[in-house]
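Report on the structure given below.
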Amino acid sequence: MLKREIRRWDLVLLLINSIIGAGIFGLPSKIYALSGIYSIAALLVCAVIVLIIVFNFAEVASRFDKTGGPYLYTLAAFGKIPAFVIGWILLITRISTYAALINLLATYLVYCYPPFQGQIWRAAIISGVTLLLTLINFIGVKSSTRVSNGLAIAKVLPLFIFVIVGFFFIDTSLIQTSQSYPSSGEFATSVLVLIFAFTGFESVLVNTGEIQNPAKNIPFALILSILCVAVFYDLIQVVSMGTLPGLATSNTPIADAAQLFMGSGGGWLITVGAVISISGTLNSVMLVGSRVPYALSEENQFPGIFGRLHRKYQTPTLSLLWFSGVALLGSLSGSFLYALSISVISKILIFLTVCGALIKLRRNKRQPTSYFKLPWGHLFAVGGIFASLWLLFSSKTAELVDVLITTAVGLMLFALYKLFIRRSEEKD
């Protein structure tokens, strides 16, 4: 049995660690180029949409105390096949996200120390970091959580310094309040881009089996972390707009702004912050990703060997080694680029499924004795479904095709596994 060593504030930091990724370092210029000063309004609209979805997650997640997260919710609400699809997509996106981030980390390290340039050095960095994170996660969820807590604080600190110092250098003439309204398409695109800057929380819930008192701690941590991130993003956007001329055209807006009002040390501070941010997210991805095969095996949808726990550390050793091995191969080969394209659609499908699960689970006569019951739950569920459908129709068709192909491959492997099990049972 997995150890419940993730406490309430550990979970808050783990969620913040998973949500605030490397994307924030380029986000201010992207949304400013689309919506200008109205990027602040886009942030507020986005925060409302995400909160609606998070409220749905808060109720549904509080009903469960086992490892699995959205996979388990789908299984309880809609059955085995939809659950396997969600579990499979979760697994593929965790692998591709890990591979993309660790390659980005190698790129940042080359920027910090040019002698690291070259394929041999890149391979060494990727392999070394993966080995270290595997070891941290192997010796227990407590060690992984401590590392996650430290990296969460370390990643937020440079951004916090950027906000505090930057406020004293804001030039109000750069904030053009008379700017004309963006088109509805540009504003919608801004919101869509921002939505995915708030994601990551859904995957952390896979670790429910290691969270203390999940019925109370999950709703608290989900809502608090999203509110904190929303306020933080708003402050970063205001400082970026008020300190960096030509914000819309900057590729590294936070680093460029910090260099303007703090000198070269400010630019280095943000660059180091980006490295720490990526490292923190990588640790979270490893922790979550290694539990997905374990959760699938618990429901007999993956080979039972992935459900074995280490006698001393009570960690799913083979599940962890398999995940880190596949992620390492993807990282070194570059094959993750295709899989990464499904991440946008997969997140929307998870949101849509969980919002639908709230309605379905409320009809279940076997209700848990204690869980977070959302006031006007059906209204929030319908709102979350409509928001998810809007996001789905706003996404690219090519990404939807990639999801369908990936799902088909997963279902074929699932069918082959079930056929193998059936034939083995017949021989016995």
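Given a 1.4 Å probe and every protein chain left where it sits, what share in percent of the accessible area of the chain is carbon and sulfur?
Result for the chain: 67 percent of the exposed heavy-atom area is carbon or sulfur.
Residues of the range 1-45 with the amide nitrogen closer than 14 Å to a label point 7 Å from the Cα of Gln314, along Cα-to-Cβ, please.
Label zone hits: 1-7.
I'd like to compare 412-422, 264-274, 287-297: which one has the highest average count of other Cβ atoms within 10 Å, and what's the full order after that?
Final packing ranking: 287-297, 264-274, 412-422.
Treating each Cα of the chain as an identical point scatterer and ignoring solvent, apply the Debye formula and state log10 I(q)/I(0) at q = 0.07, 0.11, 0.12 Å⁻¹.
Debye output, listed in q order: -0.33, -0.84, -1.01.
Give me the dipole magnitude in Debye, nearest 20, for the chain about the Cα centre, with unit charges on the beta carbon: positive for Lys and Arg, negative for Asp and Glu.
1480
Given a 1.4 angstrom probe, what's the average accessible area per residue across the chain, in square angstrom?
Averaged over the residues of the chain, the accessible area is 43 Å².
Quick check on packing: order 197-209, 217-229 by the mean number of other C-beta atoms within 10 Å, highest mean leading.
Going by the mean number of other Cβ atoms within 10 Å, highest first, we get 197-209, 217-229.
For a test of the definition: using alpha carbon positions, the gyration tensor, and the 1.5 limit on a/c, classify the range 101-217 as rounded, prolate or oblate.
In terms of gyration-tensor shape, oblate.
So the label point goes 7 Å from the Cα of Ile161 along Cα→C-beta, right? Which residues of the range 259-298 then have their backbone N under 15 Å from it?
Answer for the range 259-298: 259-277.
Of the listed peptides 134-144, 234-244, what is their order by residue-averaged count of other C-beta atoms within 10 Å, with the highest listed first?
Highest-to-lowest ranking by the protection proxy: 234-244, 134-144.
List, in order, the whole-Hz ³J(HN,Hα) value for each residue of the range 295-300 obtained from phi through the Karplus relation with A = 6.51, B = -1.76, C = 1.60 and θ = phi - 60°; use x for Gly and Pro.
5, 5, 5, 4, 9, 6
Do you know the relative contact order of the range 73-204, to the nearest whole percent, from alpha carbon pairs under 8 angstrom that are 6+ apart?
This gives 12 percent for the range 73-204.
Which translational diffusion coefficient, to the nearest whole µm²/s, is obtained for the range 11-146 from the Stokes-Einstein equation, given a Kirkwood hydrodynamic radius over C-alpha pairs, 10 °C and 1.306 mPa s?
D = 86 µm²/s.
What does the charge count near Ala42 come to, summing +1 for each Lys or Arg and -1 for each Asp or Glu among other residues with Cβ under 14 Å from its Cβ?
Neighbour charge sum, excluding Ala42 itself: -1.
Evaluate the charge dipole of the range 1-148 about its Cα centre and quote only its size in Debye, nearest 20, assuming +1 on the Cβ of each Lys and Arg and -1 on the Cβ of each Asp and Glu.
300
Roughly what would the spin-label model give for Phe168 and Glu186, points 7 Å off Cα along C-beta, in nm?
My value for the distance between the label points is 3.5 nm.
Can you name the helices of the chain, as whole DSSP H runs, whose Cα span along the helix axis is 30 Å or more and whose Kyte-Doolittle mean is not below -0.5?
Long hydrophobic helices here: 39-62, 80-112, 141-167, 214-243, 264-289, 397-427.
The values are calculated or read from the model by the stated rules, or taken from the named source; none is laboratory data. Values in this document were obtained by computation on a predicted structure and should not be read as measured data. FYI the Cβ positions are ideal-geometry reconstructions off the backbone, even for glycines, and counts take in every protein chain you see. Quick note on the areas: whole protein, heavy atoms, side chains included, nothing else; ligands and nucleic acids left out. Shrake-Rupley method; radii C 1.70, N 1.55, O 1.52, S 1.80 Å.
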